[in-house]
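Reviewing the structure listed below.
The values are calculated or read from the model by the stated rules, or taken from the named source; none is laboratory data. Please read these numbers as outputs of a predicted model, since none were measured by experiment. In this analysis, Cβ positions are derived from the backbone assuming ideal geometry, glycine residues included, and neighbour counts consider all displayed protein chains. The area values use the complete protein model at the heavy-atom level, side chains included, leaving out ligands, DNA and RNA. Shrake-Rupley method; radii C 1.70, N 1.55, O 1.52, S 1.80 Å.
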Amino acid sequence: MKMDKYILIAKWLIALVFSGAVLFFSGSLIYEIYLTRTVYANATSVSSDWAFGPEDASVTIVEYFDYRCDFCKIGHDALDEALQKHSDDVRVILKPFPVVEPGVSQAVAKFVMAASYQGRFLDLHNALLAKGLPVSKEDVKQMADIMGLDVQKMEEDAKSDAIGETIKKNIKEGMYIGITAVPAFLINDALYVGLYGKEPTAEAFDQIILSKKQ
């Protein structure tokens with residue numbers, strides 16, 4: 001009888017441990033989903049300074065890139081080509097992610113982002129990508145001057161706390177969702193570093209965009 005009692009107690013203990021483990025892992029999973037959704041919501045909630053395309057688009061692409069990364073030029077051109085077919089239903093959010101050469105990359109990114117204070121970030125960004133990457137701060141100054149921006153004002157605006165905080169937020173956000181290299185693309189709720197681990201192509205973007213629309 002005593003043996004039966006001990007067996008019963010052991011069974012109850014095992015059940016309690018198992019239930020606790022299930023609750024723990026379920027809670028962890030729910031918390032992870034919550035965090036992921038929160039990060040995604042924050043990643044896609046930005047001002048129009050950093051985005052283009054319809055706000056109600058069925059597909060949102062968050063592009064993480066570095067102006068010191070020549071591979072980011074390939075990603076930009078491939079996405080640009082794909083958007084010729086999908087521009088009416090895709091929103092693109094641009095997020096400088098200056099990690100290739102941290103000091104230099106951040107200086108360049110801050111200077112380009114400073115064009116937002118003159119309402120010209122997208123114009124300058126596109127002009128630099130059309131020219132080709134990587135670019136230096138001097139390259140950005142020359143391009144900004146050609147485009148008629150106030151370069152001296154950009155120097156001051158690049159030092160703003162707001163721009164510094166935006167870069168910190170982009171890097172923290174990217175690290176959390178698993179970005180290990182640039183370019184990286186958060187397309188709806190899925191992350192693509194490069195695209196399928198190989199060179200981004202317009203065809204690859206086209207396939208992904210079509211799959212997200214379904």
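At-a-glance table
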quantity: Residue identified as touching a Pro at 6+ places or on another chain (Cβ under 7 Å) and not charged (D, E, K, R) among 154, 113; calculated: 113
quantity: Those residues of the stretch 94-111 which are touching a strand residue (DSSP E or B) at 6+ places or on another chain (Cβ under 7 Å), of a type in the set (A, V, I, L, M, F, W, C) and not in a helix (DSSP H, G or I), in sequence order; calculated: 94, 97
quantity: Those residues of the stretch 137-150 which are of a type in the set (Asp, Glu) and part of a helix (DSSP H, G or I), in sequence order; calculated: 138, 139, 145
quantity: Residues that are open to solvent by less than 60 Å² (accessible area, probe 1.4 Å) and not hydrophobic (A, V, I, L, M, F, W, C), drawn from the stretch 69-102; calculated: 73, 75, 76, 86, 89, 91, 95, 96, 98
quantity: Residue 179, sole failed condition from (1) at pLDDT below 95; (2) open to solvent by 50 Å² or more (accessible area, probe 1.4 Å); calculated: (2)
quantity: Residue 99 over 20 Å from residue 182 (Cα atoms) and under 15 Å from the mean Cα position of the chain (by Cα); calculated: no
quantity: Among (1) closer than 17 Å to residue 62 by Cβ; (2) of a type outside the set (Ser, Thr, Tyr); (3) assigned to a helix (DSSP H, G or I) - the single one residue 153 does not satisfy; calculated: (1)
quantity: Subset of the stretch 120-145 [open to solvent by 10 Å² or more (accessible area, probe 1.4 Å) and in contact (Cβ under 8 Å) with a residue 12 or more places away in the chain]; calculated: 120, 122, 123, 127, 131, 132, 133, 134, 136, 137, 141, 143
quantity: Qualifying positions in the stretch 103-119 - over 18 Å from the mean Cα position of the chain (by Cα) and open to solvent by 10 Å² or more (accessible area, probe 1.4 Å); calculated: 103, 104, 107, 116, 117, 118, 119
